[in-house]
Amino acid sequence: MTESKSLPWWKEAVVYQIYPRSFQDSDGDGVGDLKGITDRLDYLKELGIDVIWLSPVYRSPNADNGYDISDYRAIQEEFGGMEDFDRLLEKAHGLGIRIMMDLVVNHTSDEHFWFAESRKGKDNPYRDYYIWREGRAGGPPNDWKASFGGSAWEYDEITGMYYLHSFHKKQPDLNWENEAVRHAVYDMMRWWFDKGIDGFRMDVISMISKDWRYFDRHPKDGSLWEFSVNGPRVHEFLQEMNKEVLSRYDCITVGETAGVTIEEAKRYAGETGGELNMVFQFEHVCLGDGRFGKWNDTPVDLREFKAVMGKWQTLLAGKAWNSLYLGNHDQPRSVSRFGDDRPEYRELSAKMLALCLHFMQGTPYIYQGEELGMTNPYFERLEDYRDVESLNAYRELTEAGLVDGKDMLRYIGQKSRDNARTPMQWDAGENAGFTGGTPWIGLNPNYGQVNAEVQRRDPDSVFHFYRKLIRLRKEHEIIIRGSFRDLSPEDESVYAYEREYRGKRVRVLCNFTDRTVPCEWKLLDSERLLIQNRENTEKTLLPYEALAFWV
Ligand code: TEU
C-alpha cells in the first residue's frame, strides 16, 4: 500500500484521559470540576499532550459516576455549568489542546426524559427507545446477567414488564434497532461537534447491537458479553453514524470495544475509514482473569503480555490503527498492575512501562496520574471504596460463599476501579492540593512523596520522563510509522522489540523484573541512545532498566 505523505493528526497525537471527579476541585465541595481542569491546563501543556479525553461531564444521578446520563446537553451540576465547559474548550484550544468527549449511548440513566416517557406505557412514543420484554414464569425474560452483578433485567411495575440493563439497573440499554434512537444520538453528537469539540471516546460501543438469536440460549457464564459484543448490526450502525456525523468533522474517535478481536478491529477501525479511527482492545488488561473475572491476585505473565501486545502491533499494521494504553478509570494503576509499586522500584518501573508503551505503533493514552507513577492505594476497609462494580462484586461473591471476605478485599485492593479514581496528587499539602473540602473518596496515603509539584522540580522524575517520550514521538517518525518485531517472545524477564522504518531501526529493551539480567541485545554506544531510565554501561539490564537506541 503506498504510504501517505502526511498522517491524520490523531495518528501523531498523545491523548490524556481526565476523570473529572478526581482531577481538580475548584469550589471546595470535594468533587473535581471543569474550572479545576481549566486551572490545570498549563500543567498538561507542559507535559506536552495534544488531546484531552474527558470522562463524562453530562448531567447524571451518578449511579455509575456519570456513565449514567440523564441529559446529554447539560453539565453535571457538581462539575459546573455549560459556561465552564465553553471556557475550558476555549482555553484548551488556545493552548493547542483538543477536547474529546465521552459518548455513552449504549444506555442512558433511568432518569433521562426518554426513559421516564418510555416506562409510562406500552404505547408511549418513547417505548421502543429501550428494550422491554415480558417476564417468564414469574421471573426475568432470560438468565442474562448484568456486568455489575444480578440479572440484566429489571422489573418495572408501571407496565409489568422488564427492561434490559447491561450494567446498573439505573442504566437502561437504548434500543439501537430503533431508527429514532439512532438519529436522536446523531443529533446530539452534531450539537457537541458544532460547539467545537474534537471527537469522542465511545463507551461500550461494541455492545449497541444485541444478538437476539441467543435470547433463549443459556449463557456460558451468564455474562451478557457473549450476546452483546460485536453484534449482528454493530458495523451497520457505526457506518451510519460515520456517514451521518463523523465524516463531516475533522475529529478523533476511539471505540471502547470490550471483546474485540483483531478481525473485528479491522472493521471498527479499518484504514479505509467508514467507522472509527481506532479501538481499545482489552486482551492485555484482562490477562489473568479467571473464574470470577478480574477478582483474583494473579500476576501478569510477561510472555502472555508480549504475545498480546505483539499480536496487535503486527496484525493491525497497515490495516487499522492501534490505541496504546495500560490504564484508565476502570483499571488499576498501571505501575501496580504491570510494574512494581514498592517505593524502591516505583519510579523506575513506571518509566520502564512508559517507554515500553510509547515506543510502540499507535496513539498513546495517558491516564491522569500515570505520568507521576501514581499507585494503587490499597485501602484496607470495604467502606473506603465507592465503586459500584467492586461493592456489588464483594457482596455477590462473599454472600454466595464463593470467595472469602478477606480474599475479596485483597482482590479489590488489586483490581478495583477505585484504584485509578483517588484524587490526583498535585502537591504534599492538604488533600494533595485536590480540594479544600472533604474529598469524595480517600487519597492515596503516598501523596506526600508522589505528587506533581515534587516531580515538576525534579528533572529525573516520571513526569519529565513522559515529557521526553512525548517529544521523541514527535521528533522521530519511526515511532509512528515503523514496523514492529518482538526480538525474544519467550524471554520471561525482558521485553525486547524493534521498530524499523526506511532502513533505520530502533531497539527497545525493558527489564520487567527486580533482577539484573544479561542482555546480548544491548549496544553500549552512547551515541546511539535515544532515552534510558537509568545508567548502566554493562551488557546487562538492571532491575526495571529500560532504554531505546538506534541500531
Ligand atoms: O466500561 C465498560 C467495561 O467494559 C467495564 O465493564 C470495565 O471493563 C470493567 O468495569 C472493568 O472491570 C465502560 C466505562 O468505561 C465504565 O466506567 C462504565 O461503568 C461502563 O462502561 C458502563 O457505562
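The values are calculated or read from the model by the stated rules, or taken from the named source; none is laboratory data. Note that this is a predicted model, so its numbers are computed, not measured. Here the Cβ positions follow ideal geometry from the backbone for every residue, glycine too, while neighbour counts run over all protein chains shown. Heavy atoms of the whole protein, side chains included, go into the accessibility calculation; ligands, DNA and RNA do not. Shrake-Rupley method; radii C 1.70, N 1.55, O 1.52, S 1.80 Å.
Counting only Cβ charges, +1 for Lys and Arg and -1 for Asp and Glu, the dipole size of the chain around its Cα centre is about 1440 debye. Across Met374, Met82, the residue with the most accessible area heads the list, and the full order at a 1.4 Å probe is Met82, Met374.
Among beta bridges identified by DSSP and lying wholly in the chain, the antiparallel ones come to about 60 percent. Would you mind telling me the share, in percent, of accessible area of the chain contributed by carbon and sulfur at probe 1.4 angstrom? Looking at the chain in its full context, I get 48 percent from C and S. A straight Cα-to-Cα reach below 17 Å connects Lys45 with the lysines Lys35, Lys91, Lys468, Lys474, residues fewer than 8 places away in its own chain not being considered. On C-alpha positions alone, give me the angle between the axis of helix 388-399 and the longest principal axis of the chain, in degrees, nearest 10. Tilt of helix 388-399: around 80 degrees.
Among the trypsin sites (Lys or Arg not before Pro) within segment 198-263, those in coil by DSSP and having at most 11 neighbouring Cβ atoms inside 10 Å are Lys220.
Within segment 155-213, the ratio Rg/Rh, alpha carbon atoms throughout and Rh by Kirkwood, equals 1.05. Relative to the dominant Cα principal axis of the chain, helix 234-244 is inclined by about 90°. Accessible area of Lys45 (1.4 Å probe, protein heavy atoms only, ligands and nucleic acids ignored): about 100 Å². Quick check: from the Cα gyration tensor, does segment 380-455 come out rounded (a/c under 1.5), prolate or oblate? The shape class here is prolate. Taken along the Cα-to-beta-carbon direction at a fixed 7 Å, the label points for Lys5 and Thr537 span 4.6 nm. Between the alpha-carbon centres of segment 415-476 and segment 9-54 there is a gap of 12 Å. Rounded to the nearest 10 degrees, the angle from helix 302-315 to the longest Cα principal axis of the chain is 80 degrees. Accessible area per residue for the chain, computed on protein heavy atoms with a 1.4 Å probe, is 38 Å².
Helical content of the chain, expressed as a calculated mean residue ellipticity at 222 nm, amounts to -8000 deg cm²/dmol (DSSP H runs of 4 or more residues, -39,500 (n - 2.57) each, divided by residue number, nearest 500). Rounded, prolate or oblate: which fits segment 260-336 when a ≥ b ≥ c are the square roots of the eigenvalues of the alpha-carbon gyration tensor, with rounded for a/c under 1.5 and prolate only if a/b beats b/c? Prolate.
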